[in-house]
1. For region 222-272, what are the residues that are over 20 Å from the mean Cα position of the chain (by Cα) and polar (S, T, N, Q)?
2. Is it the case, given these coordinates, that residue 276 is closer than 25 Å to residue 209 by Cα and surrounded by fewer than 17 Cβ atoms within 10 Å (Cβ to Cβ)?
3. All but one of (1) part of a helix (DSSP H, G or I); (2) at pLDDT below 95; (3) within 18 Å of residue 112 (Cα to Cα); (4) not hydroxyl-bearing (Ser, Thr, Tyr) hold for residue 182; which doesn't?
4. State all residues of region 103-116 that are in contact with a Phe, Trp or Tyr (Cβ under 6 Å, 6 or more places away or on another chain) and either under 25 Å from residue 48 (Cβ atoms) or modelled with pLDDT of 95 or more (or both); if no residue qualifies, say none.
5. Between residues in region 75-102 that are in the same structural domain as residue 39 (by TED's automatic domain parsing) and within 16 Å of residue 50 (Cα to Cα) and residues that are in a loop (DSSP other than H, G, I, E, B) and not β-branched (Val, Ile, Thr), which pairs lie under 6 Å by C-beta distance while being six or more apart or on different chains?
6. What number of residues within region 244-262 are part of a helix (DSSP H, G or I) and closer than 14 Å to residue 231 by Cα?
7. Evaluate the following for residue 169: is it out of contact with any Pro (no Cβ under 6 Å at 6 or more places or on another chain), surrounded by fewer than 18 Cβ atoms within 10 Å (Cβ to Cβ) and within 26 Å of residue 107 (Cα to Cα)?
8. In the set 204, 190, which member is within 30 Å of residue 262 (Cα to Cα), at pLDDT below 95 and outside any helix (DSSP H, G or I)?
Amino acid sequence: MQRIINVFLLCMVFLVGSASAQSGGQIQWDTIPERTRQELHKAQQLMNENKFEQAINKLLKFQKRKKKYNHFLIEFNIGTAYGFLGDFKNAILHLEKATELNETYAPLWLNLGKLYYQIKEFAKSADALEKGFHFSIRKEPEILYMAMAAYYQAGVLEKTIEVGEELVTTYRRETFEVVSLLANAYITLENNEGAINMLNRLLERNPGNEKVWKLISQAYFKNQQYREATLAYETYGYLNGFSREELMIMGDLFTMVGIPLRAAQYYASALNNGGSAEEYEKMSVAYYSAYEFEEAISALDKALTEQNTAERLLLKAQLYYLQDKFGDAQKFYTLAAEIMSKDGHEWLMAGYCAMRNGAIPIARELLQRATEFAPQRNEALALLKMLTPVEEVKNLMAHYKEENQTVNH
């Protein structure tokens, strides 16, 4: 908003220089008493020399002496001079008095709007600027845009949209500044379709504007059009380049639309120079979903280096299990169970993997631990029953082999 503040200041300078001329408002000079015109002229000369305090004192004395000659331009010049001195309270006081004497003088409302803005009375600023615009002979859309921006800062979104639509439809101001502000107001009020339509109109004229692509991506996302949001955000990245944070966002978007390998690739680019355990875990899950198990384990190892958690150990166990690496899977299921096991599932899986790996004594011990948890008890007991005949068969085979060796000798 700094640019707008600068425009306000320029506006004020211009208006002070022409406050006693017929510019920006309809002043019937022949109805103004001669004495009043003379005082205004003298004050204007002082203000042109930056002698604002002298101009104020001169006009205030005139008001006291010649009350019948008072005029809204007297109040206008006093208020404007106070504004240049940074005395916003007195500036607003006198300009408000001027509006009571003449409510159709555009420069008065424009200066008042600037002063309200300075004290962060954004709603009042917007209202004054809008009045100044509509009372002005020269309809400068920039002033109306300032009113729109002030309404937005005040949180008066209905008026933001009303003024924005007037700019677009009546004054054909489909600039990025106007449309983006209008789109943000639409989005905040959950009129996402309106925002999307408005931004698409802007893209038709300027498809290379990366800022519009970013905005329309946000609108699509709010409208739960995640695929469109992803494509729009990726286009924004191609035009503007991605920051590390934006690369992570791209990964999140591709995860949401069910393209995990692209998600993992964006995460990998973001984490090229390191990252947090949570970020590495996110990348690991994306590789897991894309069936790139080795890459998933590599990413997960970086997360585990940062911080061991039962969830990460369990994820690593599952990755090994999916590759039929039962010995490694049993190790990490056991580690996960030792940290935290809510229902015994980790002990059951550790026992099953040991069983598949041929480590029967270890399997029996792990499955026994699983029977301590009600949800896994029946399945663990069933697996334990399967272990006994297997062991007996092995013992018999070993005994048979020993007997054969004795006979042969």
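1. The answer is 265, 269, 272.
2. Values: closer than 25 Å to residue 209 by Cα: no; surrounded by fewer than 17 Cβ atoms within 10 Å (Cβ to Cβ): yes.
No; evaluated as a whole, the condition is false for this residue.
3. (3)
4. First, pick out the residues of region 103-116 that are in contact with a Phe, Trp or Tyr (Cβ under 6 Å, 6 or more places away or on another chain): 104, 106, 108, 114-115.
Those that are in contact with a Phe, Trp or Tyr (Cβ under 6 Å, 6 or more places away or on another chain) and either under 25 Å from residue 48 (Cβ atoms) or modelled with pLDDT of 95 or more (or both): 106, 108, 114, 115.
5. Within 6 Å, the pairs are 77/19.
6. Quick first cut of region 244-262, residues part of a helix (DSSP H, G or I) only: 244-256, 260-262.
Now narrow it down to the ones that are closer than 14 Å to residue 231 by Cα: 246-247, 249-256, 262.
Looking only at that region, the number is 11.
7. Working: out of contact with any Pro (no Cβ under 6 Å at 6 or more places or on another chain): yes; surrounded by fewer than 18 Cβ atoms within 10 Å (Cβ to Cβ): yes; within 26 Å of residue 107 (Cα to Cα): yes.
So residue 169 fits the description; yes.
8. Values: 204 fails: outside any helix (DSSP H, G or I).
Just one listed residue meets the conditions, 190.
The values are calculated or read from the model by the stated rules, or taken from the named source; none is laboratory data. Here the structure is a predicted model, which is why all the values come from computation and not from measurement. Positions of Cβ are backbone-derived with ideal geometry, glycine not excepted, and every protein chain shown enters the neighbour counts.
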